[in-house]
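Novice: Quick one: this structure, given as structure tokens, is what I'll be asking you about.
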Amino acid sequence: MTGSFYPPQRTLMGPGPSDVPARVLGALARPTLGHLDPLFVGLMDEIKGLLQYAFKTRNELTLPVSAPGSAGMEACFVNLLAPGDTVIVCANGVFGGRMKENVERCGATAIMVEDEWGQPVSIDKARAAFAEHPQASVLAFVHAETSTGVRSDAAALCALAREHNALSIVDTVTSLGGIELDVDGWGADAVYSGTQKCLSCVPGISPVTFSPRAVERIQSREHKVQSWFLDMQLVMGYWGGNSKRAYHHTAPVNALYALHESLVMLQDEGLEAAWARHARHHAALVAGLEAMGLSMAVAAEYRLPQLNAVNIPAGVDDAAVRSALLNEFDLEIGAGLGALAGKTWRIGLMGHSSRERNVLTLLAALESVLGRQGAAINSGAALPAAQAILAG
Ligand SMILES: *Cc1c(COP(=O)(O)O)cnc(C)c1O
């Protein structure tokens with residue numbers, strides 16, 4: 001007979017999910033309410049307010065889509081695009097490529113602005129794409145490319161879209177709660193995120209927010225949104241403001257308790273304090289890795305503090321190192337993706353995983369595993385270097 005499943009306690013330092021704090025897991029286990037119970041409806045309103053805080057927006061249409069980040073991505077594209085539209089898609093990693101897929105499945109044309117993996121999106125190339133395709137109605141880009149560990153200039157890209165009377169679609173799955181994100185300040189129009197990265201909530205929910213301009217475009221659509229489930233006009237009947245709530249789908253009630261708890265934790269810490277914590281632990285990790293003799297894959301000015309791409313030293317067996325970390329230290333780090341497979345490791349310091357304990361544990365474990373592989377590293381240098389930053 002099949003029995004219960006008891007997972008081990010891993011330390012999650014990959015590209016997500018991140019460590020979920022006991023407080024959030026505890027919220028998940030509270031009694032299930034009906035999805036139209038007045039108490040649950042009150043909780044929905046609180047979640048909306050907390051998401052507006054986290055996104056730095058006053059957008060009315062701010063809610064958690066009941067499915068993972070990829071569904072939030074799809075929700076933005078299917079609601080803003082119609083067949084025949086032209087969309088400028090900036091791609092500098094895996095997730096930009098997925099945006100192209102979304103555009104084409106909407107019957108629209110994707111104009112690709114490609115940048116090398118490991119580089120940020122080029123504003124000049126995006127500007128040139130608008131000059132060549134002035135009819136483009138949307139500019140889409142990834143703020144924090146989790147596949148490479150690179151941050152792009154979201155404020156400049158959103159401003160560029162506005163200059164050309166286009167809407168912006170912004171992937172902030174890895175940004176929310178980890179680095180500066182300012183939806184209203186940037187003038188971003190359709191923004192989606194995830195729960196399992198810097199919010200350190202369980203996977204499977206996607207916070208989204210739409211500007212008044214984006215809502216106008218949704219309300220003036222002539223084509224039905226191709227996805228029934230993700231059609232925001234229908235979802236608004238359940239999540240919408242003061243009007244009576246109507247059943248659309250059964251909300252993931254307990255998962256939303258968890259999201260609420262993680263957002264309360266973010267509010268209690270303070271957005272700016274959370275960003276500063278991510279920056280501090282990133283600096284300590286980099287100091288430790290460099291003291292060990294390793295090098296970072298991304299230039300310092302574009303690095304994401306929550307996702308650290310590290311060059312794998314020559315002669316080191318990538319998969320063997322990751323297996324040893326997982327099996328002997330219960331510690332997960334990410335492999336390189338696509339063009340970077342076998343070349344980099346991706347070390348996540350996201351949300352609750354962005355802690356002193358995790359930085360020091362990772363450095364000690366990696367040094368031990370690399371030492372046994374005979375890699376040419378400086379033994380004993382990493383922890384003092386990291387500690388010097390943490391003490392500063
Ligand atoms: C993780 C991630 C996604 C996809 O989120 P899922 O929850 O896995 O569907 C999209 N974009 C970026 C930048 C991500 O890091």
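The values are calculated or read from the model by the stated rules, or taken from the named source; none is laboratory data. Computed from a prediction, not measured in an experiment: that's the story for all the values here. Quick reminder, even Gly has a Cβ in these numbers, built from the backbone with ideal geometry, and neighbours come from all protein chains shown.
Novice: Only strands (runs of 3 or more DSSP E) wholly contained in region 151-213 count here; list those with 3 or more residues that are more than 15 Å from the ligand (Cβ to nearest atom) and within 17 Å of Leu307 (Cα to Cα).
Specialist: In region 151-213, no matching strands (runs of 3 or more DSSP E) lie anywhere.
Novice: Pairs please, first residue from region 73-96 and under 20 Å from Glu216 (Cβ atoms), second anywhere and of a type in the set (S, T, N, Q) and within 13 Å of the ligand (Cβ to nearest atom), Cβ atoms under 8 Å, 6+ apart in sequence or on different chains.
Specialist: Ala75/Ser206; Phe77/Asn102; Val78/Asn102
Novice: Also, quick follow-up: Would you confirm whether or not region 344-354 contains a residue that is more than 24 Å from Pro8 (Cα to Cα), at pLDDT 95 or above and not aromatic (Phe, Trp, Tyr)?
Specialist: Within region 344-354 (the criterion being more than 24 Å from Pro8 (Cα to Cα), at pLDDT 95 or above and not aromatic (Phe, Trp, Tyr)), the answer is yes, since at least one residue qualifies.
Novice: Residues that are more than 16 Å from the ligand (Cβ to nearest atom) and surrounded by fewer than 20 Cβ atoms within 10 Å (Cβ to Cβ): list the helices (runs of 4 or more DSSP H) wholly contained in region 52-148 that include at least 3 such residues.
Specialist: Per the criteria, 123-132.
Novice: What are the pairs, 6+ residues apart or on separate chains, where a residue within region 164-193 that is at positive phi has its Cβ under 7 Å from a residue that is part of a loop (DSSP other than H, G, I, E, B) and among the aliphatic types (A, V, I, L, M)?
Specialist: Within 7 Å, the pairs are Gly177/Leu199.
Novice: For region 222-231, check the following and say yes or no: at least one residue is in contact with a Ser or Thr (Cβ under 9 Å, 6 or more places away or on another chain) and either among the aliphatic types (A, V, I, L, M) or not assigned by TED's automatic domain parsing to the domain that holds Arg357 (or both).
Specialist: yes
Novice: Among Val321, Val316, which is in a helix (DSSP H, G or I) and more than 24 Å from the chain's Cα centre (by Cα)?
Specialist: Of the residues listed, the single one that is in a helix (DSSP H, G or I) and more than 24 Å from the chain's Cα centre (by Cα) is Val321.
Novice: Ok, one more. Assigned to a loop (DSSP other than H, G, I, E, B) and not basic (Lys, Arg): which single residue out of Gly42, Gly34 fits that description?
Specialist: Of the residues listed, the single one that is assigned to a loop (DSSP other than H, G, I, E, B) and not basic (Lys, Arg) is Gly34.
Novice: Please specify each residue of region 205-225 satisfying the condition of being surrounded by fewer than 19 Cβ atoms within 10 Å (Cβ to Cβ) and over 19 Å from Asn59 (Cα atoms).
Specialist: Answer for region 205-225, where residues must be surrounded by fewer than 19 Cβ atoms within 10 Å (Cβ to Cβ) and over 19 Å from Asn59 (Cα atoms): Arg221, Glu222, His223, Lys224.
Novice: If you don't mind, there's one more thing I want to ask. Take the conditions crowded, with 20+ Cβ neighbours inside 10 Å and either in the same structural domain as Thr174 (by TED's automatic domain parsing) or under 17 Å from the mean Cα position of the chain (by Cα) (or both) and apply them to Ala246. Does it pass?
Specialist: no
Novice: So which residues in region 333-354 are in contact with a Gly (Cβ under 7 Å, 6 or more places away or on another chain) and surrounded by fewer than 20 Cβ atoms within 10 Å (Cβ to Cβ)?
Specialist: Scanning region 333-354 gives Gly342, Lys343.
Novice: Which one is surrounded by the most Cβ atoms within 10 Å (Cβ to Cβ), of the residues in region 262-310 that are in contact with a strand residue (DSSP E or B) (Cβ under 6 Å, 6 or more places away or on another chain) and of a type in the set (S, T, N, Q)?
Specialist: Asn308
Novice: With respect to Ala335, is the statement that it is more than 23 Å from the chain's Cα centre (by Cα) and over 30 Å from Leu263 (Cβ atoms) true?
Specialist: When the stated conditions are applied, Ala335 does not pass them.
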